[in-house]
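Here's the structure, in structure tokens; my notes come after.
The values are calculated or read from the model by the stated rules, or taken from the named source; none is laboratory data. Computed from a predicted model, the values in this text were never measured in an experiment. No Cβ is skipped: glycine too gets one built from the backbone with ideal geometry, and neighbour counts run over all protein chains shown. Calculation scope for accessible area: heavy atoms of the full protein, side chains included, ligands and nucleic acids excluded. Shrake-Rupley method; radii C 1.70, N 1.55, O 1.52, S 1.80 Å.
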Amino acid sequence: MAPHPLIDTFRAARIVPVVRTSTAAHAATAAQWLRDAGITIFEITLTIPDALSVIRELAAEPGLLVGAGTVPDAARAEACIQAGARFLVSPWVDPALAAPAREAGACLMMGALTPTEVRAARAAGADVVKIFPASSVGGPAHVKALRSVFPGVDFCPTGGVDARNAGEYIAAGAAFVGIGGKLVDEKAIAAGNREAVQAAAREALGIMQA
């Protein structure tokens, strides 16, 4: 399977901000603040109420690469693609997501933890294997161990990854990482604390460009 062309973009960015909020308005605010700080890639999770409207709005903005996270089935995958999502992310292995992703040329990331699951994700059509939840299963050492068995697979650890440890995951062999946490701090968003969110964005960008 040839590498998906978007993988080079993800590798260059090194981080994929994962936007997971309780409301669509908070998600839109977070994305705008992060964009103003220089972030151009966004994973909008379908756990957000009316996530498709957020995807649609962001995807319409030039220069942004927008994807959908926690995609549960093929029907939702197709809806996300129609809304403008160019990559699809699932925290588990679901072979049904491969066809809509392939037809649209979207990059597909599926979640795995064990060597058996990594193999299953690749067999199911995953372009990238998302290691989730990364921190609770062993962190960078777990990614390094998987990399030794799967040297050709692009891994994206997510879950407990932040600006402080992202570099360790990259050094362990991750192609890039998914980061939520402080980047999308809902308390800061609700309080209108743009500076806190943008400071977290600058920290993430600074470490990833180091």
> Setting aside same-chain residues fewer than 8 positions from residue 130, which aspartates and glutamates have a Cα under 12 Å from its Cα?
Replying inline: 117, 154
>> Treating only the Cβ of Lys, Arg, Asp and Glu as charged (+1, +1, -1, -1), what charge dipole size does the chain show about its Cα centre? Round to the nearest 20 debye.
In response: 400
>> Quick check: Cα centre of the stretch 1-29 to Cα centre of the stretch 134-210, how many Å?
In response: 12
> What does the accessible area of residue 61 come to, in Å² to the nearest 10, when a probe of 1.4 Å is used?
Replying inline: 40
> Which of the listed residues, 91, 77, 22, is farthest toward the dipole's positive end in the stretch 1-125, when Lys, Arg count +1 and Asp, Glu count -1 at the beta-carbon?
Replying inline: 91
> Given the C-alpha centroids of the stretch 72-117 and the stretch 36-54, what is the distance between them in whole angstrom?
Replying inline: 16
>> Given Cβ point charges of +1 (Lys, Arg) and -1 (Asp, Glu) and nothing else, what value in debye, to the nearest 20, does the dipole of the stretch 113-177 about its Cα centre take?
In response: 120
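Work out the FRET efficiency for residue 53 and residue 136 from their Cβ-Cβ distance, taking R0 = 25 Å, and round it to the nearest 0.05.
Values: r = 32 Å, r/R0 = 1.28.
Efficiency, from the Cβ-Cβ distance: 0.20.
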>> Could you work out [θ]222 nm for the chain from helices alone, using -39500 (n - 2.57) per DSSP H run of at least four and dividing by all its residues? Round to the nearest 500 deg cm²/dmol.
In response: -13000 deg cm²/dmol
>> Please compute the Kirkwood hydrodynamic radius over the chain, one decimal place, Å, based on all pairs of different Cα atoms.
In response: 16.8
> What residues qualify as long-range amide H neighbours of residue 134, i.e. H under 5 Å apart, gap of 5 or more or another chain, H built at 1.01 Å from N?
Replying inline: 158, 159
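Pull out the extension gain between residue 123 and residue 1, defined as 0.36 nm times the separation in residues minus the alpha carbon to alpha carbon distance; nm, one decimal.
On the way: separation 122, 0.36 × 122 = 43.92 nm, distance 0.99 nm.
Stretched out fully, the residue 123 to residue 1 stretch lengthens by 42.9 nm.
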> Between residue 191 and residue 8, 0.36 nm times their residue separation minus their Cα-Cα distance comes to what?
Replying inline: 62.3 nm
> Ignoring ligands and nucleic acids, what accessible area does residue 142 show with a 1.4 Å probe (Å², nearest 10)?
Replying inline: 40
> When the Cα atoms of the stretch 134-210 are enclosed in a convex hull and the volume is divided per residue, what value in Å³ results?
Replying inline: 75
